Amino acid sequence: MDLKEKLLSSFLVFENKVDIDSPIHDVRNEAIKVFEEKGFPSKKEEAWKYTSLNKILKEDYSLFPKQENAIEYKDVKKYFIHDIDSYKIVFIDGKYSSHLSETTHDGIDVCLMSVALSKPKYSLIIKNYFNKAATTDSLPALNTAFAQEGAYIHIPKNKVVDKPIQIINFSTGNEAATMLQPRNLVVAEENSQVQIIERHQSLTENAVLTNSVTEIFADNRAIVDYYKIQNDHNNASLIDNTFIKQKRESIASVHTFSFGGKLTRNNLNYYQNGERIDSILKGVTILGDKQHVDHNTLVHHIEPNCESHQDYKGIFGDSATGVFNGKIIVEKEAQKTNAFQSNNNILISDKAAINTKPQLEIFADDVKCSHGCTIGQLDESAMFYMRSRGIPEKEAKALLMYAFSNNVLNSVKIPEVKQRITKIIANKLGVNIGFDL
Amino acid sequence: MLKIVDLHAGVEDKAILKGINLEVKPGEVHAIMGPNGSGKSTLSSVIAGKEEYEVTKGSIIFDDEDINELDAEERAHKGVFLSFQYPVEIPGVSVTNFIKTAINETRKAKGLEDMPAKDMLKLIREKSELLEIDRKFLSRSLNEGFSGGEKKRNEIFQMAMLEPKLAILDETDSGLDIDALRIVANGVNKLKSEDNAVIVITHYQRLLDHIVPDFVHVLYNGKIVKSGGKELAHELEEKGYDWIKEEVNA
């Protein structure tokens, strides 16, 4: 039985197990029909031209891990940004881990999707927002069909969340290959502010496939900053589907740091429903081995006087491959749009490859849109300059990579996150520069 | 200290240096002058160990050791310093962090611990005063958006921090106004001692009014065709290089 059939047949069992009277019962049933019809995407589709799921779909994934797996905090502390106070929503093999988490209902809701889906108290928000941003592409639809657990974050009007929220999905791999489908919902009401850090981390070498959906709603003047740290094992694959709907004068930023994993696909979609919105998409990708990352972004400018800023940097070594496909749509009504897109790449090995493709569809006539992509090697004259000052080759390379990623790192608002990212980069390159950049 | 014997070097199949002989002793200042394209910058790059140049013949002896097979960083660790004509911009790495890294990597190579932070700060303060560099400058990204004068001053600041045995100043005077030239030359002169040596590579006489050479060599077509005292530099300033070319070609 292939994975699609397995998913379809287990949906019936799943539906009987969860609440049939659930407000999203119909949504799930619609979604599974969409998935049944479309199936997994193939390379024949333009949006998947450079990323093949074939290999990772061959694993025999366990869809509903049976046993509860406990983890000690000390064993996984390193995967948290642990030097700051934060709210934490932690899952182990898709199940909520109360002892690793720190949730709250004090003025804001930082809790679980399973709770939000089952308690009447949350039904209005669920009705208004759940699956209202996600598209009906096959993978988001598949996630919707099985949506049960994830982070539920609701920030009421004018509330500035006092500390960042960390969402961490651990997989133990205790039941061989595992498939996970976390479902997150973030609703930031008018004039509220929230910062979120998300990480998927496999703790064994067994195969993991995560198909996650995150829906983010930023109401008028809300500020949402989202940081994704992707540094997983070489047997872990992630399909991240993030949908952001913004209203008037809101600012939403997503930073994606991709340093590991077997295959990572980031579908990042922004929809601007209001004027004077700013959408910020930034990424640093540093890959080696046979790792593959595909950044597939969409910014949909629907109304006038909005901005979007995209800046993705990629460094590819060994036989790593990367894809950047950045689509910007500017509707006819969206006059005075400022849309910027830049994708710069460095290939440090002959076998590494990057496919980069800007896609601009502009229907308005008074806009400023720019895009640029570069592919190059490490600057030899800069290398010689540093080495002539006594800095060895490896360290000089690391400094150049920092310098290359600097624009993106500088826009990280949480200093501890920036420090952690630079540390991961240093570890990845096997250097100790001896100072924090 | 430095002994270059019959050095031939080039890029790919193109020969640029065609038999250089040069000896530099501790305490000496040598000037290497010559028309454009004579091989001046190639010579400085080859001494510092730029990989793109291939040495086809001859040797570079530094402190009784042939350094031709050494990497650029290994030469730096032994005390060779090259001040670049076009220093490279490194965004996101401050002047302070860069020089700290350079010093500590050099110490590491010598089996020493990192320099204590307090000593480092003291050294930075001392040397930045010498070059009239203010604190704000030190926290800026290395060479990013620096003026020509700032770049060169920063080069000599790094030289002051690293205290090399042999400093090669490649066209350090280019792009400098008269005040910056004075500051840079003053810095170099203060760092000068009986134990170190300087090679000044320049097209013009004016830097040599400030850093007075013991020897002046004229490089032309990949060879040193004439050597003399500081008066040779004045003669070149007055008469240009054509008479040298005629002498050689005759």
> Which pairs have Cβ atoms under 8 Å, sit 6 or more apart or on different chains, and link a residue in region B:134-157 that is within 11 Å of chain A (Cβ to nearest Cβ) to one that is surrounded by fewer than 18 Cβ atoms within 10 Å (Cβ to Cβ) and among the basic types (Lys, Arg)?
Replying inline: none
> If A:ILE348 passes every condition in (1) more than 14 Å from every other protein chain (Cβ to nearest Cβ); (2) at pLDDT 95 or above but one, which one does it miss?
Replying inline: (2)
> Can you name every residue in region B:1-31 that is free of Cβ contacts under 8 Å to residues at least 60 places away in the same chain and in a loop (DSSP other than H, G, I, E, B)?
Replying inline: B:GLU12, B:ASP13
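Identify, from the list B:ALA9, B:ALA31, B:ALA76, B:ALA109, the residue that is hydrophobic (A, V, I, L, M, F, W, C) and touching a His at 6+ places or on another chain (Cβ under 6 Å).
Working: B:ALA9 fails: touching a His at 6+ places or on another chain (Cβ under 6 Å); B:ALA31 fails: touching a His at 6+ places or on another chain (Cβ under 6 Å); B:ALA76 fails: touching a His at 6+ places or on another chain (Cβ under 6 Å).
Selected residue: B:ALA109, the only one of B:ALA9, B:ALA31, B:ALA76, B:ALA109 that is hydrophobic (A, V, I, L, M, F, W, C) and touching a His at 6+ places or on another chain (Cβ under 6 Å).
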> Any chance region B:183-191 includes a residue that's surrounded by 23 or more Cβ atoms within 10 Å (Cβ to Cβ), under 14 Å from B:VAL24 (Cα atoms) and among the β-branched types (Val, Ile, Thr)?
Replying inline: no
>> Can you say whether A:ASP318 is within 17 Å of A:VAL293 (Cα to Cα) and of a type in the set (D, E, K, R), as far as the supplied structure shows?
In response: yes
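Conditions tested, residue by residue: (1) within 27 Å of A:ASP289 (Cβ to Cβ); (2) modelled with pLDDT under 95; (3) part of a loop (DSSP other than H, G, I, E, B).
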| site | (1), (2), (3) |
| --- | --- |
| A:ILE153 | no, no, no |
| A:ASN169 | yes, no, no |
| A:LEU209 | yes, no, no |
| A:ASP225 | no, no, no |
| A:ILE229 | yes, no, no |
| A:ASP232 | yes, yes, yes |
| A:LEU238 | yes, no, no |
| A:ASN241 | yes, no, no |
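Considering each of A:LYS44, A:LYS77, A:LYS55 in turn, give the residue that is part of a helix (DSSP H, G or I), farther than 30 Å from A:ILE414 by Cα and basic (Lys, Arg).
Details: A:LYS44 fails: part of a helix (DSSP H, G or I); A:LYS77 fails: farther than 30 Å from A:ILE414 by Cα.
So the residue among A:LYS44, A:LYS77, A:LYS55 that is part of a helix (DSSP H, G or I), farther than 30 Å from A:ILE414 by Cα and basic (Lys, Arg) is A:LYS55.
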> Within the set of pairs 6 or more residues apart or between chains, which connect a residue that is closer than 19 Å to A:LEU53 by Cα inside region A:25-41 to a residue that is surrounded by 13 or more Cβ atoms within 10 Å (Cβ to Cβ) and polar (S, T, N, Q) with Cβ atoms less than 8 Å apart?
Replying inline: A:VAL34/A:THR136; A:VAL34/A:SER138; A:PHE35/A:SER138; A:LYS38/A:SER138; A:GLY39/A:SER138; A:PHE40/A:SER138; A:PRO41/A:SER138
>> Among the residues of region A:368-381, are any crowded, with 20+ Cβ neighbours inside 10 Å and small (Gly, Ala, Ser)?
In response: no
> Which residue pairs have Cβ atoms closer than 6 Å, lie 6 or more positions apart in sequence or on different chains, and pair a first residue in region A:46-72 that is more than 14 Å from A:LEU180 (Cα to Cα) with a second residue that is surrounded by fewer than 16 Cβ atoms within 10 Å (Cβ to Cβ) and among the hydrophobic types (A, V, I, L, M, F, W, C)?
Replying inline: none
>> Just the residues that are under 22 Å from the mean Cα position of the chain (by Cα) and among the β-branched types (Val, Ile, Thr), please, taken from region A:376-418.
In response: A:VAL408, A:VAL412, A:ILE414, A:VAL417
> How many of the residues making up region A:265-283 are hydroxyl-bearing (Ser, Thr, Tyr) and free of Cβ contacts under 8 Å to residues at least 40 places away in the same chain?
Replying inline: 2
> Within the group B:LYS165, B:LYS226, which residue is more than 13 Å from the chain's Cα centre (by Cα) and of a type in the set (D, E, K, R)?
Replying inline: B:LYS226
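Can you find a residue in region A:336-353 that is under 22 Å from A:GLN230 (Cβ atoms), β-branched (Val, Ile, Thr) and not in a strand (DSSP E or B)? Explain how you work it out, then say what you get.
Filtering region A:336-353 for residues under 22 Å from A:GLN230 (Cβ atoms) gives A:341-349, A:351-353.
When the remaining residues are screened for being β-branched (Val, Ile, Thr), the result is A:346, A:348.
After this cut, where a residue has to be not in a strand (DSSP E or B) as well, the list is A:348.
Yes, some residue in region A:336-353 is under 22 Å from A:GLN230 (Cβ atoms), β-branched (Val, Ile, Thr) and not in a strand (DSSP E or B).
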>> I need the full set of residues from region B:99-116 which are within 7 Å of another protein chain (Cβ to nearest Cβ) and buried (at least 20 other Cβ atoms within 10 Å of the Cβ), in order please.
In response: B:LYS100, B:THR101, B:ALA102, B:ASN104, B:GLU105, B:THR106
> Out of A:VAL186, A:VAL213, which single residue is closer than 24 Å to A:ASN273 by Cα, buried (at least 22 other Cβ atoms within 10 Å of the Cβ), within 17 Å of the chain's Cα centre (by Cα) and in contact (Cβ under 8 Å) with a residue 60 or more places away in the chain?
Replying inline: A:VAL213
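The values are calculated or read from the model by the stated rules, or taken from the named source; none is laboratory data. Not measured: the values here are computed from a predicted model. Ideal geometry is used to build each Cβ from the backbone, glycine not excepted, and the neighbour counts take in all protein chains shown.
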